[in-house]
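The values are calculated or read from the model by the stated rules, or taken from the named source; none is laboratory data. Remember, predicted model here, so these are calculated numbers, not experimental data. Virtual Cβ from ideal backbone geometry, glycine too; neighbours counted across all protein chains shown. Side chains are part of the model used for accessible areas, which takes the heavy atoms of the whole protein and leaves out ligands, DNA and RNA. Shrake-Rupley method; radii C 1.70, N 1.55, O 1.52, S 1.80 Å.
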Amino acid sequence: MLVVGGSGFIGGTVVQSLTKRGVETIGYDLIHTSSADSQKNWIRADILEMQSIERIFFEYNIDSIVHLVGLPAIDYCQKNPHFSFLLNVMSVQNTLEAMRMADIPKIVFASSATVYGNSSNRPLRETDETHPTTIYGWHKLVAEDAIRAYADAYGIKSTILRLFNVYGGDPKIGKEVVSIFINRGLKNEPLIVKGPKKYRDFVHVEDIAEAFARSVTGNHNKNPTLNIGTGTRTTLKQLALMVNFHFPQSKVIVEDVSDDGTGLIANVTRAKEVLGFSARNPKRGIADHLKKYAERNTEEVRS
């Protein structure tokens, strides 16, 4: 098993989850981070260098791929569409072509809820229409289509996981809203909520890793596309109040915005049916995550 992007926020957790299951796992990435320190097998390589990928695929006894390489910074992708294309699309195309050449039969791909668009009033099903509104969302959808094309043309088995709002990593390096709020809490800075009714489907990174592990080890006859979320709506104001409870010095400041009340929530029925997967409730998961850093902060202040 090769985890492409194995040093990243999600990738490192996926490698740990697979290793605990007894799956012989190799991490593959260009940058060595602390996530790779504990990995028994790790390869430094560039996914954009085709010869390097082909060599590794032929050299190692790999039976499946988890693809986690990407550029999830939506604003950055919007300003740098070519770079977004290279990491979010070309990295997938190179992987698929190397898989075809090396006769590797299976890929599990990290897609995104952004393929659905900006907002929906109801939980989204995998069969709902996709209409991305960002370069990042479009590129994820193009990558999905490339995987489906290789599945149809060459018989490669695939599982596409559309991830909703992932949290649970180190807030010092995290860019998502939970990490941003924790960092502000640690500094006693105000929690600025731009749109109190905006909502998200927050899913813990350990649950994401569980979904990948089940996708790798399961035997699916079809090539499913699955939402990986909780199906629970959490507004940004609710999140800010949760952070404020653990960091009371950080006051909640609400700002009205034109797109207030927008968001995406997953219908998670298919993930339960296909993978037997369900994620922890975000109220509990986020509270536990906040508590860990609040307690750590208290200990540092005392020392």
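For residues that are open to solvent by 30 Å² or more (accessible area, probe 1.4 Å) and free of Cβ contacts under 8 Å to residues at least 60 places away in the same chain, scanning just the stretch 115-127, find the one that is nearest to the chain's Cα centre (by Cα). Even if it seems obvious, please write down each step before you answer.
Quick first cut of the stretch 115-127, residues open to solvent by 30 Å² or more (accessible area, probe 1.4 Å) only: 118-119, 121-123, 125, 127.
Imposing the further condition that a residue be free of Cβ contacts under 8 Å to residues at least 60 places away in the same chain reduces the set to 121, 127.
Numbers: Asn121: 23, Thr127: 20 Å.
By that ranking, first place goes to Thr127.
A single entry from Pro132, Pro171 fulfils the requirement of being of a type outside the set (Val, Ile, Thr), part of a loop (DSSP other than H, G, I, E, B), under 20 Å from the mean Cα position of the chain (by Cα) and over 30 Å from Leu186 (Cα atoms): Pro132.
In the stretch 255-282, what count of residues is obtained for those that are in a loop (DSSP other than H, G, I, E, B) and either open to solvent by 60 Å² or more (accessible area, probe 1.4 Å) or under 25 Å from His220 (Cβ atoms) (or both)? Explain how you work it out, then say what you get.
Step one: list which residues in the stretch 255-282 are in a loop (DSSP other than H, G, I, E, B), which gives 256-262, 264-265, 267-268, 276-281.
Cutting the leftovers down to either open to solvent by 60 Å² or more (accessible area, probe 1.4 Å) or under 25 Å from His220 (Cβ atoms) (or both) gives us 256, 258-259, 264-265, 267-268, 276-281.
Result for the stretch 255-282: 13.
Residue-by-condition table, conditions (1) under 28 Å from Ala151 (Cα atoms); (2) modelled with pLDDT under 95; (3) not in a helix (DSSP H, G or I):
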site	(1), (2), (3)
Arg214	yes, no, no
Leu226	yes, no, yes
Met242	no, no, no
Phe245	no, no, no
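For His246, the criteria (1) under 18 Å from Val108 (Cβ atoms); (2) of a type outside the set (D, E, K, R); (3) surrounded by 14 or more Cβ atoms within 10 Å (Cβ to Cβ); (4) out of contact with any strand residue (DSSP E or B) (no Cβ under 8 Å at 6 or more places or on another chain) hold in every case but one, which is (1). Residues that are touching a strand residue (DSSP E or B) at 6+ places or on another chain (Cβ under 8 Å) and under 30 Å from Asp152 (Cα atoms) number at least 3 in the following strands (runs of 3 or more DSSP E) confined to the stretch 1-98: 2-4, 26-29, 65-67.
Filter the stretch 152-176 for residues that are open to solvent by 40 Å² or more (accessible area, probe 1.4 Å) and at pLDDT 95 or above and give the result. Before you say what the answer is, go through the steps one by one.
Narrowing the stretch 152-176 to residues open to solvent by 40 Å² or more (accessible area, probe 1.4 Å): 152-155, 157, 165, 170, 172-173, 175-176.
Listed by number, the residues that qualify are Asp152, Ala153, Tyr154, Gly155, Lys157, Asn165.
Restricting to the stretch 201-237, count the residues that are without any contact (Cβ under 8 Å) to a residue 24 or more places away in the chain and either at positive phi or crowded, with 18+ Cβ neighbours inside 10 Å (or both). So that I can check it myself, show each step before the final result.
Within the stretch 201-237, the first condition is being without any contact (Cβ under 8 Å) to a residue 24 or more places away in the chain, and the residues that meet it are 219, 221-222.
Pick out the ones that are also either at positive phi or crowded, with 18+ Cβ neighbours inside 10 Å (or both) and you get none.
So the answer is 0.
If we scan the stretch 46-55, do we find a residue that is on the phi > 0 side of the Ramachandran plot, open to solvent by 40 Å² or more (accessible area, probe 1.4 Å) and modelled with pLDDT of 90 or more? For the stretch 46-55, residues on the phi > 0 side of the Ramachandran plot, open to solvent by 40 Å² or more (accessible area, probe 1.4 Å) and modelled with pLDDT of 90 or more: absent.
Apart from one condition, Leu18 fits all of (1) modelled with pLDDT of 90 or more; (2) touching a helix residue (DSSP H, G or I) at 6+ places or on another chain (Cβ under 8 Å); (3) open to solvent by 30 Å² or more (accessible area, probe 1.4 Å); the exception is (3). Number of residues in the stretch 178-200 that are within 21 Å of Gly231 (Cβ to Cβ) and either crowded, with 24+ Cβ neighbours inside 10 Å or under 19 Å from the mean Cα position of the chain (by Cα) (or both): the value is 3.
Yes/no per residue for (1) part of a helix (DSSP H, G or I); (2) closer than 20 Å to Gly263 by Cβ; (3) in contact (Cβ under 8 Å) with a residue 24 or more places away in the chain; (4) not small (Gly, Ala, Ser):
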residue	(1), (2), (3), (4)
Gly137	yes, yes, yes, no
Ala149	yes, no, no, no
Ser158	no, no, yes, no
Arg162	no, yes, yes, yes
Lys175	no, yes, yes, yes
Ile180	yes, yes, no, yes
Gly185	yes, no, yes, no
Glu189	no, no, yes, yes
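Of the listed requirements (1) touching a strand residue (DSSP E or B) at 6+ places or on another chain (Cβ under 9 Å); (2) at pLDDT 95 or above; (3) within 22 Å of Asn88 (Cα to Cα), Ala149 misses just one: (1).
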